[in-house]
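Everything on this sheet refers to the single structure shown next.
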Amino acid sequence: MKRFLLIVFLLATVVLPTLAGSKKDSSSTLPHTYDATRDPAKDLAVAIAEAHATDRNILLDVGGTWCKWCGYLDKFFTDHADLRELRDKNFVVMYVNFGADNKNDKFLAQFPKLKGCPHLYVLTADGKLLKSQDTSDLEDGKSSYVPEKVRAFLTEYGREKQ
């Protein structure tokens, strides 16, 4: 635990301020894709440090390349620049792979059980769970998401509300 805290401290005080630039910079050192080879515990340590350095919450996006609704969610944020900006302003986004190639069971065991993919977990900058969100509640029932519902979710759980 001491080693973990030391790594988080070093990332927050030395590495991330250099990488992040301004306090509300929406860039991230984390990949923007589901990757079965990544260690989500290490990624979370980076996300926590980045969230502290940029005063944002953490949004865990759990899914996989096999998941069509995960692709729809990515396309939704590509097509809705205003909502992508709102998301990135308030959250450090961390993708967690969940699929036949790697379910990340050990990492995901610390959170409420997934009902499906994609699934969103909102964490504070300290890594404390704020919300477990089944994204089917945000879907339009066709092949996308309802902008008003996504905006409400991002606004309610964004860092600026804290």
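The values are calculated or read from the model by the stated rules, or taken from the named source; none is laboratory data. The model shown is predicted, which means the values in this text are computed figures rather than measured ones. Only protein heavy atoms, including side chains, enter the accessible area calculation; ligands, DNA and RNA are left aside. Shrake-Rupley method; radii C 1.70, N 1.55, O 1.52, S 1.80 Å.
Whole percent per 5 Å bin, from 0 to the bin with the longest distance: what is P(r) over all C-alpha pairs of the range 50-162?
For the range 50-162, the pair-distance distribution reads 2, 12, 23, 25, 20, 13, 4, 0.
Multiplying the sequence separation of LYS89 and LYS68 by 0.36 nm and subtracting their Cα-Cα distance, what value in nm do you get? Numbers along the way, then the final one.
Working: separation 21, 0.36 × 21 = 7.56 nm, distance 2.58 nm.
Net length gain for the segment: 5.0 nm.
Assuming 0.36 nm per residue, please report the length gained on full extension of the stretch SER132 to ALA152 beyond their Cα-Cα distance.
Working: separation 20, 0.36 × 20 = 7.20 nm, distance 1.47 nm.
Fully extending the segment from SER132 to ALA152 adds 5.7 nm.
If you roll a 1.4 angstrom probe over the protein chains with everything in place, what fraction of the accessible area of the range 64-160 belongs to carbon and sulfur, to the nearest %?
Values: 2470 of 5080 Å².
The computed percentage sits at 49.
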